[in-house]
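One structure is given below, encoded as structure tokens.
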Amino acid sequence: MTIRNITLLLVCVQCWGAQDSTSRYTIGPGDEVSIRVLDSVDISDKPVRVDPDGQIAVPLIGRIQAAGKSVAALETDLTDRLRTYIVSPQVSVNVTDFGSQPVSVLGAVGAPGLYQLSGAKPLAQVIAMAKGLAPDAGGRIRISSYGSAEAPLDPSVRFSFVTSGAPESGNPAITEVSVEDLLSNSGSAGATLIRPYDVITVSKAQLVYVIGEVHKPGGHVLSNRDSVSVLEALSMAEGTLTTASPQHARLLRREPNSSRRVEIPIDLKGILAGRGDNMLLQPDDVLIVPKDMIKAVGLRSIDAAIALGTGFAIWR
């Protein structure tokens, strides 16, 4: 068998798989379907939306239940009903717009929002629909599942999900996935399936900021850690520049229950020489490494930049 024939065979297998998957898709309220009947002038293939009661209006037939049926089952029902009016009707149904299987993607992703599925999809694929992980994404992804094929949500809960992004009440099943496992496709993360009405929340990472005379100034992600030492933070920033004045470094730390920051002198030169206190930095701490000529740093501008999430690069 030639390479060309093998390629054509693989394409055909993929097409058959896609058609089989579509035929098994369960239609729901909000979906849009088109109906095509061979050699029929009465029924156009103009898309029609499934109403909240799960029905559609079809010429010759009238209203017919569509929600809860697979595409293949609806084709069979339409064929049976149309035999009264058409000899040997040839019916095909296509889903032209998915609107009944929403999933919410929240938190540190490129485009948080409500997305429509066409059946269960891998977690990585749903994250990709939301434009991927944001630079400040944390190490955990939380999946809240409110319904399943065995216990579907009732219409009122489905409506609250579509309008607000999540049911107003309920006790979801919670699953947590490691971002590291997801990116490396290891463990159970790669096999995690997202189903309609799931809520995916990507946590934001804790950050420490190293600014001034360093190679990589900006916010540095703590990943799964609660703190890092001064030397570890400096290593994340790839060390000081030759213009730095490490003995005059200082730390800005927010006071508990306050928007004010206190300034703590840091003898970075002594720490590098093994003499100083290699203290631990807390999330949201700002380590400033000034130039030889010490210049005052505007604390308000630093606070504003951190609060807005702008002005600083985020490094992993």
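Readers should treat all values here as calculations from the given coordinates under stated rules, not as data from a laboratory. Values in this document were obtained by computation on a predicted structure and should not be read as measured data. Here Cβ is always computed from backbone atoms with ideal geometry, including for glycine, and neighbour counts include all displayed protein chains.
Can you list residues whose amide H is under 5 Å from GLY218's amide H, if they're 5+ apart or on another chain and H is modeled 1.01 Å from N?
VAL210, ILE211
Considering only LEU234, GLN282, VAL262, whose Cα is most displaced toward the positive end of the charge dipole of region 205-285, charges sitting on Cβ of Lys, Arg (+1) and Asp, Glu (-1)?
VAL262
What net charge is computed for the residues neighbouring VAL228, neighbours being all others with C-beta under 13 Å from the C-beta of VAL228, Lys and Arg scored +1, Asp and Glu -1?
That works out to -3.
Please give me the summed charge of the neighbours of THR84: other residues whose Cβ is under 15 Å from its Cβ, Lys and Arg +1, Asp and Glu -1.
It works out to a net charge of -1.
How large is the dipole of region 196-279 about the Cα centre if only Lys and Arg carry +1 and Asp and Glu carry -1, each at its Cβ, rounded to the nearest 20 debye?
180
Over region 185-287, what is the relative contact order in whole percent, taking alpha-carbon pairs under 8 Å and six or more residues apart?
For region 185-287, the relative contact order is 29 percent.
Can you give the FRET efficiency for THR79 and ASP181, using 1/(1 + (r/R0)^6), R0 = 35 Å, r = Cβ-Cβ distance, to the nearest 0.05?
0.15
Sum up the charges of everything whose Cβ sits under 15 Å from the Cβ of VAL179, counting Lys and Arg as +1 and Asp and Glu as -1, but leave VAL179 out.
Charge balance in the 15 Å sphere: +1.
Subtract the Cα-Cα distance of SER44 and THR243 from 0.36 nm times their separation in residues, and report this length gain in nm to one decimal.
Residue separation times 0.36 nm, minus the Cα-Cα distance, leaves 64.2 nm.
In Å, what Kirkwood hydrodynamic radius results for region 22-97 from the alpha-carbon pair distances?
For region 22-97, inverting the mean 1/r across all distinct Cα pairs yields 12.2 Å.
Using the count of nearby Cβ atoms within 10 Å as a rough guide to exposure, how do ILE288, ILE64 rank from fewest to most?
Arranged by neighbour count, lowest to highest, ILE288, ILE64 become ILE64, ILE288.
Taking amide H atoms as placed 1.01 Å from N in the peptide plane, list the residues 5 or more away in sequence, or in a different chain, whose amide H sits under 5 Å from that of GLN101.
HN-HN under 5 Å from GLN101: LEU117.
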